[in-house]
Every structure is written in structure tokens, then in C-alpha cells.
Amino acid sequence: MSETICVLDVKIDNCSAKQAMKASVEFMGTAATSVVELVTIETLMLARDKPGLKEVIEQSDLVLPGQEEILEAAGVIDARYIQETRTQTYLRMYLKYLHKNHSRVYLLVETEEEADRLTAHLVSRYRGIQIAGAAKVASGTDMDDMLVNAINGGEVDCVIAILSSPIQEEFIARNRSLINARMWLGAGKLMEPIYKGRSKGEKVAAFVDRMFFMRATRKNRREMKLQG
């Protein structure tokens, strides 16, 4: 894998979509569950204050920037990497891989609407993917055993999680050794624009989040310089 960048003290792999796909194909050929995390601005901001979240993220086999602002904050100027992040190239390539190989997947969501919309999108665009099931995940450990049993009972190749942070990261941290899937793809809410689209209000909220994120990263860089 290529070099690592650091944003708000979280280490992130800075690589092309092709390099990420090569690693993912290798993960799909192993027995253990490999974890790929697509980090978002929200996750990185939360990791500053949420004890243990940074460490959980960095335990992933591959941590990829999910938004171009993350690369901007790290000073990455490679136009290809920025464009691939903006267009979610890796995510689309991986879904095409699952489609081509008729892979079995299990979906972890937070609402029934998410399950219905994501399922409809995958059936429409990637009909080769076999959806073994979908389940809602909430904060806490009460349902872990049932969810793990459902995933393992589906004999899936991949788990696709579209959960908020830290629910997504904490669930796989607790259950990684119990899940039999080849790969866990933690996509967070990055797939929403693909299968759902965003309302005007959601776009405004995303803009505000980006402003706070860029302010936080600039402050972090100043503090690092003072410490150095």
C-alpha cells in the first residue's frame, strides 16, 4: 500500500482506487475478516473527543478517505486521488467486483428505509450481487449475538455497513473475530447520495460540517507546528 496521511491525528491510507481494489481483492481471498473503513468528516471530528474511536479506526486493514475535503486537509494535491474520492471510484469498483463475482452480501443499516433503498439500488445497478439479508443496528451490544448469527447464517462474502459513527466502528471492533465474512466494508453514510440523493436541508448541513472540519484541521496544524 502507498503512503499514509494523518488528519486530526487519524492515520489514513493515501492510495489510488486501483491500489485499494487490489488490496480488497486480496482480502476477499483470505479466511479472516478484513476491514475496510471509508472515513468521513463526521467520523474524524468525532474521533477527537470519543475515547478509543481513533484506535478502532486504525485497526482496520485499509482506511480510505471518503470525502475530498479530507485529502485537502492533509495537503494532498494529486488530482487523480482527489477526483477518485469525489466520485467514489473505489466504492463503485468494489460493487462492480461483487456483481461480477456473484458475491453474497449482508447489509447493516439503521432504518428500514435505508435497507429498502440500498437493496433497490443494488438490485437495479448490480443485479449480480446476492443479498443474503439486511438488519438494523442500534447503539449498544444487546443485539450483537443475533446479528452475528444472521450474518454467519447467510454464508456471505462481504458485510456492507452504512451506519453512523461510532456505531459502525464499535460493532465491528466487538465482533470482528466472530464474523465469518471475508470482508467488512464500513461505508458509513457515504452511499446515501448514490441510492437516495440529498435534500436541500441535508446539503446545507453538509456544507456547515465541512466548514467546521476545515477550521478544526487548520487549528490542528497550527498546534502541531507549535509543538514541533
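The values are calculated or read from the model by the stated rules, or taken from the named source; none is laboratory data. What you are looking at is a predicted structure, and each value in this text was computed from that prediction instead of being measured. Glycine also receives a Cβ, built like all others from the backbone with ideal geometry; neighbour counts cover every protein chain displayed. Surface accessibility is based on the protein's heavy atoms, side chains included, excluding ligands, DNA and RNA. Shrake-Rupley method; radii C 1.70, N 1.55, O 1.52, S 1.80 Å.
Would you mind stating whether Glu3 is at pLDDT 95 or above and among the acidic types (Asp, Glu)?
no
Out of region 113-171, which residues are charged (D, E, K, R), open to solvent by less than 80 Å² (accessible area, probe 1.4 Å) and not in a helix (DSSP H, G or I)?
Hit for region 113-171 is Asp157, nothing else.
I'm trying to understand the selection: among the residues of region 15-43, which are of a type outside the set (Ser, Thr, Tyr) and in contact with a strand residue (DSSP E or B) (Cβ under 8 Å, 6 or more places away or on another chain)?
If the condition is that a residue be of a type outside the set (Ser, Thr, Tyr) and in contact with a strand residue (DSSP E or B) (Cβ under 8 Å, 6 or more places away or on another chain), then Cys15, Ala20, Ala23, Phe27, Met28, Val35, Val36, Glu37, Leu38, Val39 are the ones that fit.
Looking at region 45-68 only, could you name the residues that are within 18 Å of Tyr90 (Cβ to Cβ) and either in contact (Cβ under 8 Å) with a residue 40 or more places away in the chain or open to solvent by less than 60 Å² (accessible area, probe 1.4 Å) (or both)?
Ile57, Ser60, Leu62, Val63, Leu64, Pro65, Gly66, Gln67, Glu68 - these are the residues of region 45-68 that are within 18 Å of Tyr90 (Cβ to Cβ) and either in contact (Cβ under 8 Å) with a residue 40 or more places away in the chain or open to solvent by less than 60 Å² (accessible area, probe 1.4 Å) (or both).
Taking region 174-188 as the search range and keeping residues that are surrounded by 18 or more Cβ atoms within 10 Å (Cβ to Cβ) and of a type in the set (A, V, I, L, M, F, W, C), which one is farthest from Gly52 (Cα to Cα)?
If we take residues in region 174-188 being surrounded by 18 or more Cβ atoms within 10 Å (Cβ to Cβ) and of a type in the set (A, V, I, L, M, F, W, C), then Ala181 is farthest from Gly52 (Cα to Cα).
Take the residues in region 1-17 that are in contact (Cβ under 8 Å) with a residue 40 or more places away in the chain and not in a strand (DSSP E or B); name whichever of them is most open to solvent (accessible area, probe 1.4 Å).
Only one residue tops the list, namely Met1.
Cβ contacts < 9 Å: first residue closer than 13 Å to Tyr126 by Cβ, restricted to region 99-111; second residue open to solvent by 60 Å² or more (accessible area, probe 1.4 Å), any location; separation 6+ or different chain. Result?
His99/Arg125; His99/Arg127; His102/Gln130; Ser103/Gln130; Ser103/Arg182; Arg104/Gln130; Arg104/Glu155; Val105/Gln130
If you take the residues of region 24-37 that are of a type in the set (A, V, I, L, M, F, W, C) and open to solvent by 10 Å² or more (accessible area, probe 1.4 Å), which of them is farthest from Ile70 (Cα to Cα)?
Ala31
Got a number for residues in region 166-216 being among the polar types (S, T, N, Q) and at pLDDT below 95?
Matching residues across region 166-216 total 1.
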